[in-house]
Amino acid sequence: MAAPRAVLRLVPPKWNVGRRGFRDLSGVVTPERNLRKKRTLLQFLSDHFYEVEFLREYLLQRQIQKVHLDNRAYSHIESTYGPDIAGAYFVLKHGGAVINYHGLDSLLSLKELQSLSLQRCPHLDDWCLSRLYPLAGSLQELLLAGCPRISERGLACLHHLPNLRKLDISDLPAVEFPSLTQILVEEMLPNCEVIGTDWAQGLRQGPEEQPQDTAGPIPAE
Amino acid sequence: MLRRVLRPTLGRSLLIRGLSSRSGNSILDWDGNVSEIKKKIRSLIPGEPSNFLYDTKHLPPEHSDVVIVGGGVIGLSVAFWLKTLEKRRGAIRVLVVERDQTYSKASTGLSVGGIRQQFSLPQNVQLSLFAIDFLRNINEHLAVADAPPVDLQFNPSGYLLLASEEGAAVLESNVRMQSHVSLRQEGAKICLMSPAQLQKKFPWINVEGVALASYGMENEGWFDPWSLLQGLRRKVQSMGVFFCQGEVTRFVTSSSRMRTSVGEEVNLKRIHEVHVKMDNSLEYQPVKCAIVINAAGAWSGQVAELAGVGKGPPGTLQGTKLPVEPRKRFVYLWHCPQGPGLETPLITDTNGVYFRREGLGKNYVGGRSPTEEEEPDPANLEVDHDFFQNKVWPHLAQRVPAFESLKVRSAWAGYYDYNTFDQNGVVGPHPLVVNMYFATGFSGHGLQHAVGVGRAVAEILLNGHFQTIDLTPFLFSRFYLEEKVLEQNII
């Protein structure tokens with residue numbers, strides 16, 4: 001697969017820096033950028049030749065399938081050694097950050113899980129958060145920092161976890177109002193310590209709002 | 001001799017015309033003529049749109065294999081699955097005819113956007129499970145090269161259905177059925193809660209009058225129907241489906257008399273042409289087609305009448321009309337600063353009042369289905385604010401005491417494509433008009449079932465039978481056989 005991947009690097013670089021997800025091939029562009037202006041060679045060929053368009057779609061599907069393959073449940077290990085070993089095997093085999101909705105199958109049967117760190121997982125989204133309720137009995141610590149696809153809508157399902165004592169929701173790029181979201185999550189989970197964004201980050205200060213320094217030098221004239 | 005008399009006069013008038021062409025206006029005219037001639041010559045080159053006599057860009061094509069009447073979420077879903085399941089790439093030519101490209105009255109855009117598995121019919125539960133699976137992987141299904149991903153803004157907060165003493169037994173049996181229905185070995189994840197558990201989980205609810213509650217733990221919630229519609233439209237356009245703005249005014253049909261195995265005579269009809277009329281003009285285009293799909297939503301009854309469905313003595317199969325009519329429903333948006341927080345699910349009360357959270361600013365969206373006597377007039381989409389004051393607010397305030405002080409910010413109205421027979425969808429071909437397929441009549445849950453219904457219609461069209469989900473109880477023939485397939489959980 002080395003040669004096709006070299007060809008695909010002609011696609012313009014994406015703004016979600018981090019682990020490359022399958023989104024790279026679908027060309028995520030910001031709406032403001034005019035697509036007509038900077039067309040790369042591959043996009044140009046794709047517009048004019050059915051074969052290139054088909055090839056791009058095929059490679060996109062292959063990348064999606066790879067993520068799904070990495071996340072499949074290891075049922076033979078689970079039946080032989082039990083869910084704990086299966087969960088550990090899943091995390092160690094591909095590096096846990098490939099986890100997506102299906103990969104959570106390996107983790108949800110761990111009934112005594114106390115701490116779960118899902119930091120910087122590119123495929124984790126709101127659907128996955130809604131799946132965490134079977135861990136309600138034991139989960140006390142949940143770390144979600146840096147996941148690009150989690151928004152405040154997924155955070156609303158965390159109220160199924162009443163034993164949660166520590167929750168980290170800092171640096172979630174898809175959350176529009178981080179400070180407001182933190183307040184609402186704190187209200188929703190009264191016994192939990194929520195680590196979110198810095199308070200001052202959400203406040204925008206204009207020059208007129210800054211406190212006038214009366215002791216400073218008064219400009220001449 | 002006459003010719004000699006005429007020629008000088010002709011020559012003089014030409015000279016006069018030649019003199020006048022030196023003035024400013026006529027020079028522009030000449031350039032205009034030249035560009036017109038150039039355009040006509042260009043239209044003769046193969047590959048260019050043929051506008052030789054007059055411009056036909058706005059008209060639909062003259063032939064199309066499948067014509068889908070109605071470009072809402074159900075029509076686009078049928079187009080999508082037809083193009084996905086066709087045996088060879090580009091085998092089927094599909095045309096989607098939509099009367100209003102702004103979708104100002106379409107039920108899709110005006111919908112509250114909920115999706116739930118808590119239905120009383122196994123087929124409805126299966127349709128919802130299929131739809132939620134599709135929506136979860138929507139960017140794999142609807143990926144278009146170089147386009148931004150579809151963001152559905154799905155809120156997985158679940159549905160909470162409250163039942164009083166009379167409804168508690170029914171609710172419990174429904175939940176048991178929902179957990180056992182499977183589509184790829186996955187049932188619906190609903191948990192039953194007693195009033196005490198409910199009070200502990202949601203302290204802001206007043207549990208008086210509630211005997212049992214069912215709460216969807218996952219795969220339930222609400223999303224943005226507009227982004228689903230735009231995502232489907234974009235994908236379907238990239239797959240080569242033709243779109244046309246126009247109204248279907250006539251079907252040209254032919255009938256043949258056939259004899260059944262019993263010896264009875266039936267008149268089988270076949271639609272050959274669909275006349276699509278343009279907006280604000282008498283211009284229409286006859287489109288020759290093989291199959292017509294009626295996905296016109298609230299106006300499906302009128303489209304069916306055009307094809308002759310229901311024209312016959314009452315009580316016979318020819319005389320059975322399509323019982324789908326538009327019903328107006330109001331949705332209100334209000335603000336309540338002391339209201340319930342982020343964890344609010346979509347709550348449906350025992351008397352039909354429902355509401356859900358909207359955004360992060362303590363805004364809520366909700367309404368109520370009126371009873372048969374209170375049905376508003378569906379002629380327009382005007383909102384009745386007294387309905388909220390008298391019929392919705394008292395119940396809201398009784399169930400959630402914080403809602404005693406709220407302020408209505410805005411309201412809108414939309415149509416349900418209401419099936420007056422049994423409030424469930426009509427899917428599949430008509431027994432007498434052999435090439436007309438229905439995909440309508442979902443009475444308020446069309447959006448959540450659109451994806452599954454689209455697949456079912458595509459399967460029955462291409463394979464002749466249902467494969468993924470068996471929707472045989474939803475066929476048209478049940479109206480004639482008087483077999484009601486009732487859904488108890490209608491919101």
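The values are calculated or read from the model by the stated rules, or taken from the named source; none is laboratory data. Bear in mind the structure is a predicted one, so any value in this text is a computation, not a measurement. Methodologically, a virtual Cβ is constructed for each residue, glycine included, from the backbone with ideal geometry; neighbour enumeration extends over all protein chains shown. Only protein heavy atoms, including side chains, enter the accessible area calculation; ligands, DNA and RNA are left aside. Shrake-Rupley method; radii C 1.70, N 1.55, O 1.52, S 1.80 Å.
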Task: B:His465 - accessible surface, heavy atoms, 1.4 Å probe, Å² rounded to 10 - done: 90
Task: Estimated vicinal HN-Hα couplings, Hz - the range B:251-266 in sequence order (Karplus 6.51, -1.76, 1.60; Gly, Pro = x) - done: 10, 9, 10, 9, 10, 9, 8, 10, 10, 6, 5, 7, x, 6, 9, 10
Task: Exposure of B:Met193 as accessible area (Å², to 10), given a probe of 1.4 Å and all protein chains - done: 10
Open item on the list: Given a 1.4 angstrom probe, what's the average accessible area per residue across the range B:68-186, in square angstrom?
Closed with: 35
Open item on the list: Can you tell me the length gained on complete extension of the stretch A:Lys93 to A:Thr80, counting 0.36 nm per residue apart and subtracting the Cα distance?
Closed with: 2.9 nm
TODO: Quick one: angle between helix B:225-238 and the longest Cα principal axis of chain B, in degrees between 0 and 90, rounded to 10, please.
DONE: 40
Open item on the list: I'd like the carbon and sulfur percentage of the solvent accessible area for chain B, probe radius 1.4 Å, heavy atoms only, ligands and nucleic acids excluded.
Closed with: 53
Open item on the list: Starting from the 7 Å offset along Cα-to-Cβ, what nm value, one decimal, do you get for the label separation of A:Ser179 and B:Arg93?
Closed with: 6.0
Task: Computed lengthening from B:Ile37 to B:Thr249, 0.36 nm per intervening residue step minus Cα-Cα distance - done: 72.8 nm
TODO: Along Cα→Cβ, 7 Å out, is where each label goes; now give me the distance between the ones at B:Gln302 and B:Gln389 in nm to one decimal.
DONE: 3.3
Task: Residues of the range A:95-112 buried by at least 10 Å² on assembly (accessible area, 1.4 Å probe, chain alone as reference) - done: A:Tyr101, A:His102
TODO: Heavy atoms only, probe 1.4 Å: what % of the accessible area of the range A:94-198 goes to carbon and sulfur, would you let me know?
DONE: 48
- [ ] Estimate the FRET efficiency between B:His58 and B:Leu268 by the formula 1/(1 + (r/R0)^6), using the beta-carbon distance for r and 41 Å for R0, to the nearest 0.05.
- [x] 0.75
Open item on the list: What distance in nm lies between label points placed 7 Å from Cα along the C-beta direction at A:Arg62 and B:Asp65?
Closed with: 2.9
TODO: Enter the angle in degrees (range 0 to 90, nearest 10) between the Cα long axis of helix B:24-44 and the first principal axis of the Cα atoms of chain B, meaning the one along which they spread out most.
DONE: 70
TODO: Using only alpha carbon positions, build the gyration tensor of chain B, then give the equivalent ellipsoid semi-axes as the square roots of 5 times its eigenvalues, largest first, whole angstrom.
DONE: 51, 29, 22
TODO: Using only the alpha carbon atoms of the range A:94-198, find the Kirkwood hydrodynamic radius as the inverse mean reciprocal pair distance, in angstroms to one decimal.
DONE: 13.5
Task: Globularity ratio of the protein assembly as shown, using Cα Rg and 2.2 N^0.38 Å - done: 1.15
TODO: Quick one: dipole size for the protein assembly as shown, taken about the Cα centre, charges +1 on Lys/Arg Cβ and -1 on Asp/Glu Cβ, in debye to the nearest 20.
DONE: 3680
Task: Net length gained if the chain between B:Tyr103 and B:Glu483 were fully extended (0.36 nm per residue, minus Cα distance) - done: 133.4 nm
Open item on the list: I'd like the orientation of helix B:165-180 relative to chain B: the angle between its Cα long axis and the longest Cα principal axis, in ° from 0 to 90, rounded to 10.
Closed with: 70
Open item on the list: From Cα pairs below 8 angstrom and at least 6 apart in sequence, can you work out the relative contact order of chain B, rounded to a whole percent?
Closed with: 19
Open item on the list: So, for the range B:345-491, what is the accessible surface per residue at a probe of 1.4 Å, expressed in square angstrom?
Closed with: 38
- [ ] Read phi for every residue in the range B:205-217 and hand back ³J(HN,Hα) as whole Hz from Karplus 6.51 cos²θ - 1.76 cosθ + 1.60, θ = phi - 60°, with x for Gly and Pro.
- [x] 8, 9, 8, 5, x, 9, 9, 8, 9, 10, 10, x, 7
TODO: Give the interface area between chains B and A as buried accessible surface, both sides summed, probe 1.4 Å, in Å² to the nearest 100.
DONE: 3000
- [ ] State, in angstrom, two size descriptors of the range B:361-491 derived from its alpha carbons: Rg to one decimal place and Dmax to the nearest whole number.
- [x] 18.9, 56
Open item on the list: Given a 1.4 angstrom probe, what's the average accessible area per residue across the range A:94-198, in square angstrom?
Closed with: 38
Task: Residues of the range B:333-377 buried by at least 20 Å² on assembly (accessible area, 1.4 Å probe, chain alone as reference) - done: B:Leu342, B:Glu343, B:Leu360, B:Lys362
- [ ] Quantify how strongly other chains surround peptide B:217-225 by giving the mean number of their Cβ atoms within 10 Å of each of its Cβ atoms.
- [x] 3
- [ ] Any chance you could check the Cα centroid distance between the range B:427-491 and the range B:149-179 for me, in angstrom?
- [x] 23
Open item on the list: Using the Cα centre of the range B:245-337 as origin and beta-carbon charges of +1 (Lys, Arg) and -1 (Asp, Glu), tell me which of B:Val276, B:Val287, B:Ser255 is placed farthest towards the positive end of the dipole.
Closed with: B:Ser255
- [ ] Using packing as a proxy for protection, rank A:157-168, B:270-281, B:379-390 so that the peptide with the highest average count of other Cβ atoms within 10 Å comes first.
- [x] A:157-168, B:270-281, B:379-390
Task: 26 Å Cα-Cα threshold exceeded, pairs from B:Lys83/B:Lys484; B:Lys57/B:Lys235; B:Lys235/B:Lys328 - done: B:Lys83/B:Lys484; B:Lys235/B:Lys328
Open item on the list: Let me cross-check B:Trp81: its accessible surface, 1.4 Å probe, with only protein heavy atoms counted, in Å² to the nearest 10?
Closed with: 10
